[in-house]
Structure formats: structure tokens, C-alpha cells
Amino acid sequence: MVRISTLSPNACVAVPDEIDSNDSDLAAIQRIAAGDAGGCRMLMQRHLTKLHGLASRLLGNAADADEVCQDAFLRAWKQAPGWQSGRALFSTWLHQVVLNLCRDRLRGRREQVSGQALEALVDPGNPEQRASATDSAAQVRNAVRELPERQRDALLLVHFQGLSNIEAARIMELSVDALESLLARARRSLRTRLSPLYEVGKGTLK
Amino acid sequence: MTTLSCARLSEILDAYGADPARWPAPERAAAQALLASSAEARQLAQAAQALDQLLNRWQPQPAESTLTTRVLAEIARQPQPSAWRNLVARIWDDLGGWQLAGPAFAASLAMGALVPAWIETDANDLPDEDLIAAVQFVDEPPDFGP
């Protein structure tokens, strides 16, 4: 079940004033508040590809990622009129919504397939997941998905989503130092796990 | 511009990788200056870059091309909540939202335990002795003896 309460736009932590003036989504939010669905189209043009990338990497399934994104933008449509600007970037809130929706789906899958390896959770009909385990992209995918949840999310937000450390920390409700520590542990673990793909001692790829 | 030690650059590379765009903004310029001037720093960055390149091989699956249209169609079917509901939601959030549920539950449990105890104390209070005597007098049959 989705924890809607934590997804409230107003639940985001306070941020400096400059965030407000830099929020490029304010025009779209104002259009949504006026009941104009064009505002939602603007938000999707700006964020859909990135948010879908996050959901798709987390869930390993484009169809599930489509559903998560649809749900996230419907929430944006319903909640943007109550948005209090200046507290957080709207894109931060959207990432938080998508991340929580994905976590809920992953927990649901784990409950269904408890006791089985993570590999068993992926969709066997999916081309991405049918990729050979020897494929380096597949090895990266598996290694990232097997990281502890917080390390995985930190890496996805900073490396793959390209968010700043401040924004990623805000999404995960952590200090920047704690985020940095999670990232360092994640990358260290990946370096070890993916070491067969490196030229030993050179730090270059095979 | 502040200077940066090789040790701190190593921490930054460990956490954020070799792409300066991902580095903490306040330290970015100093880190780039160190890279430009130090062979040791460049070696550290090269190792981090290899992991970045490896991670970048994992590309996400694209969204369904009709997703935007689908979402807009769904939006057209779903009315926005009224301004009144938004106001209530905002006040609820400002008060702490569901974070209040725990304390409220604890308070209701405490009230549930204390209130019956108070009521029980009142019920056990003995009636006033004069009242008992009066009742006994009223209930006593009249004395018609000789």
C-alpha cells in the first residue's frame, strides 16, 4: 500500500528560499491549479522520461514503470493545486512519489515470492531480463538491484537520475553526509562485484 | 577558491564518480583544479571513471509511446479535489498529518485507562451516613405498640 501521507507535497522538508524561485515547474503547477490539463502535459514533457527511467530500472519492467508514472502524474494533477511553493522543488516531490510507489511494488513482489532469490522477482517475459547473465549491462543491473535498498536508491538518484546530492538527500530524507556514505558503500560494493569486468590493476574496462 | 586535498577528492570520487556534474557544487571547482594539477588525482579519477562507464551500460527501457496520451485521458476523467479539500489537506499536513496518529492513539489509550478508574472511584464512595439513617427511618414500619 502506498504511504500517501509521506507523499504529501507539504511533507517535504523545508528548503532555502532560492529553491522557490528556481522551480521551473511553477508555471505548470499554476496551470494545473487552474484546472488546465496542459500543465500536466508540461510536467510530463519535462520529467516523464527520467521518472520512467527510475521506475524501469527499479522494477525491471516497462509496463509496471508505465503504471507507476501514470499514478504519479495523476497524484500531481490532484495535489498540485494544494502545492505550497518554497518548501521543495516539485520534481523532488515527483521523484519521492515514484520511488515510494516502486518500493511498494517491490515489497509486494517480495511478499509473493518470499524466500526466493531476487532474480526470481524479475519478469521472465521481459526482453531486458532475458538478457544473458554474461552481458555486462545485465551484470550491472543485477549488481545494482542486489544492493541494500538505501544504497541502491542513492545510486539510482545520483548516478542514473543525475540529481544533485542535496536533492537526492532531500528525496531520501537524509543528510548529505549520510547520502555520501551510502553512495560510497554502493560504489565500493559494485566495484568488487563487477571486478571481473575490469582490467585488474588498471581500473579500466575489459 | 578553496583548495582540496587528494584525500577529499578520493572521497568525492568514491561517492559520486568521475563526472564533475555529479560532484558537490561547493567543491567542484577546487576538485577540478586539483585534477588539472595532480597526476595522482587524475589516476584516482580514472579508476572512478571506469565504474561510471560500466554503470552507464545499463540503459532503462523506454516508456510506452502512448503513455502521455493515456495519462491525459485518465486526468480528463478525474476531477481535481475542491479548494476546500485542498485547504483541509494543507492544514492537516501543517499539523503533522499522519505523524499525529501515534500520539493520538496513545492519548486515547491513556484516557481509556484513566476515565473508568475515576468513575470507579466515585461509585465506591460510601453514601453519607445521615442519608442512610434517613432511608432506614423511612423504611422502618411505624411502631404501633401499646
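Values in this text are rule-based calculations from the coordinates and carry no lab data. Model, not experiment: these values are computed from the prediction. Positions of Cβ are backbone-derived with ideal geometry, glycine not excepted, and every protein chain shown enters the neighbour counts.
The ranking of B:Met111, A:Met172, A:Met44 from fewest to most other beta carbons within 10 Å of each one's beta carbon is B:Met111, A:Met172, A:Met44.
Projected label points at A:Glu67 and A:Asp104, each 7 Å from Cα along the beta carbon direction, are separated by 1.2 nanometres.
For the pair A:Ala37 and B:Phe105, label points projected 7 Å from Cα toward Cβ lie 3.9 nm apart. Taking 0.36 nm per residue of separation and subtracting the Cα-Cα distance, full extension of the segment from B:Ala7 to B:Leu114 would add 32.5 nm. Legend: mean number of C-beta atoms from other chains within 10 angstrom of residue C-beta atoms, peptide B:41-48, equals 2.
Residues A:Val97, A:Val176, ranked from the fewest to the most other C-beta atoms within 10 Å, line up as A:Val176, A:Val97. Length gained on full extension, B:Arg77 to B:Ser65: 2.3 nm, using 0.36 nm per residue less the C-alpha separation.
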